[in-house]
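What follows is one structure encoded as structure tokens, with my remarks underneath.
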Amino acid sequence: HNRLHVIAGSVTDDGATLAEAVQGQDAVLSALGRGMSLKSDGLIQRCVPPILSAMQAGGVNRLIFTSAIGVGVTIRDAPLFSRLVIRVMLRDIYTDKIAGEAPIHRSGLDWTLVQPAQLTNGPLTRTYRAGARPGHSSGVVACGGAAVQPGGEVAPGDAHGDPAGLPRVSADDGLCDA
């Protein structure tokens, strides 16, 4: 895309490059994740603070952050089998997401957590379920369409951290391979 500018760097090790990347932007979109790994390596906990610092230093107030259905209180929205997988096989990943998202909730920024149930590397389908509580779904969202929300935009999050008011694309946890 002619308005896309790629800047290579490390979120955790290169504060100057991160600050340069967010400077003058309207928003930050984060799609950080560990792919198919069952180990978090503390990725979200390590990356969120520098992202928030760079945003605040650069005067960027809007954050759209990709998480997963079942993180925190949204565990109630996950189907029974998914809850078991989250609590047993994905415990480390979800513990990291919960701890890493806490500073977002407290940041004072205008934030939205996008909580897909499963992302795949499939083609764009434009078929989604979205809302504050979209219901139990075992469908998937193809990464080709992960950034496209119904209506063509992502609604603002509740800056006070009420997950029930956040938009979610519903469909079983997994993350796109980068």
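The values are calculated or read from the model by the stated rules, or taken from the named source; none is laboratory data. Note that the structure is predicted; figures quoted are calculated from it, not measured. Backbone-built Cβ (ideal geometry, glycine too); neighbour counts: all protein chains shown. All accessible areas refer to the heavy atoms of the entire protein, side chains included, with ligands and DNA or RNA removed. Shrake-Rupley method; radii C 1.70, N 1.55, O 1.52, S 1.80 Å.
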Estimate the FRET efficiency between Thr12 and Asp92 by the formula 1/(1 + (r/R0)^6), using the beta-carbon distance for r and 25 Å for R0, to the nearest 0.05.
0.85
Share of segment 1-111's accessible area from carbon and sulfur, percent, 1.4 Å?
57 percent
Å³ per residue of the Cα convex hull, for segment 1-120?
113 Å³
Which ³J(HN,Hα) values, rounded to whole Hz and listed in residue order, are derived for segment 15-30 from phi using the Karplus coefficients 6.51, -1.76 and 1.60 in 6.51 cos²θ - 1.76 cosθ + 1.60 with θ = phi - 60°, glycine and proline given as x?
x, 5, 5, 5, 4, 5, 5, 8, 4, x, 8, 7, 7, 10, 10, 10
Under a 5 Å amide H to amide H cut-off, with H placed in plane at 1.01 Å, what residues pair with Ile64 once short-range neighbours are removed?
Val28, Leu29, Ser30, Thr112
Nearest 20 debye, what's the magnitude of the dipole of segment 44-101 about its Cα centre given +1 on Lys and Arg Cβ and -1 on Asp and Glu Cβ?
100 debye
Picking from Leu84, Leu52, Leu32, whose Cα lies most toward the positive end of the charge dipole for segment 16-118 (charges on Cβ: Lys, Arg +1; Asp, Glu -1)?
Leu84
Considering only protein heavy atoms, what per residue accessible area in square angstrom results for segment 17-104 with a 1.4 angstrom probe?
49 Å²
